[in-house]
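Asks: Structure incoming, see below.
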Amino acid sequence: VTTIGYYAMDYKNITAVILPDTLTTIEEGGLSSNLLTSITISDNVTTLGDYALAWNNISSIDFPDGITTIPEGLLCWNKLTSLIIPDTVTTIGYYAFGDNLISNLTIPSGVTTIGGTAFGWNSLTSVVIPDTVTTIGAEVFRSNKISSATLPSSITVISESMFYDNKFTTYTIPNNIE
């Protein structure tokens, strides 16, 4: 098996899965809408489709080494509490980790783009965005518990409702913001 196809295993009530080392692709919705609680993806997987693991009960994940893009909605509506994004990731898609329980997050320095609502509806209390990030989508950190944030000078525009519905006491905005 090299590919889990387009919504091939959604709504199957799967509680655990062992992915073969031959697997290279999990297409859109491939394992979505199940009862998975954790998942380890081998380093041979190079392509993850939109919403591939969405709507499960995943509380932890090990990403494959070398992955560069976290696609749209990949792990939305799960139960992640913390998250380690690989250093190789450059793009985090729209709603990639939305509606989880993430309280602790480190965005790696290779990330350049974060899609809208990527971390919306979580439990984040603070956020540091690395200076490699140049593009951030709307409502990216909406409805968290963020009390402090530091924006890098690489960002020139604050996106619409970027931090809507948070608990700010401190934020640092660079001088070059429009």
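The values are calculated or read from the model by the stated rules, or taken from the named source; none is laboratory data. These numbers come from a predicted model, not from an experiment. Using ideal geometry, Cβ is built from the backbone for each residue, glycine included, and neighbour counts are taken over all protein chains shown. Quick note on the areas: whole protein, heavy atoms, side chains included, nothing else; ligands and nucleic acids left out. Shrake-Rupley method; radii C 1.70, N 1.55, O 1.52, S 1.80 Å.
Asks: Over segment 20-130, with the other protein chains present, what is the accessible area per residue in square angstrom, probe 1.4 angstrom?
Replies: 37 Å²
Asks: Follow-up question, since we're still on this one. Of the accessible area of the chain, with the probe set at 1.4 angstrom, what percent is carbon plus sulfur?
Replies: Of all accessible area on the chain, carbon and sulfur atoms account for 50 percent.
Asks: Here's another thing I want to ask about it. In nm, to one decimal, how far is the modelled label at S103 from the one at D21, with both set 7 Å along Cα→Cβ?
Replies: Each label point lies 7 Å from its Cα, and together they span 3.8 nm.
Asks: Another question about this same structure. Return the lysines within reach of K79: Cα separation strictly under 19 angstrom, same-chain partners fewer than 8 residues apart disregarded; answer none if there are no such residues.
Replies: Within the straight-line cut-off, K79 pairs with K12, K145.
Asks: In segment 1-24, whose amide N lies under 11 Å from the spot 7 Å out along Cα-to-Cβ of L35? List them in ranges.
Replies: 12-16
Asks: I'm checking a number: the convex hull volume of the Cα atoms of segment 1-137, normalised per residue, in Å³. What is it?
Replies: Roughly 80 Å³ of hull volume per residue.
Asks: Given the options L31, T2, N56, identify the residue whose Cα lies farthest towards the positive end of the charge dipole of segment 1-138 (+1 on Cβ of Lys, Arg; -1 on Cβ of Asp, Glu).
Replies: N56
Asks: Report the calculated FRET efficiency for N57 and N176 (r = Cβ-Cβ distance, R0 = 41 Å), to the nearest 0.05.
Replies: The formula returns an efficiency of 0.45 here.
Asks: Another question about this same structure. Can you give the FRET efficiency to the nearest 0.05 for N44 and K79, using r as the Cβ-Cβ distance and R₀ = 35 Å?
Replies: 0.85
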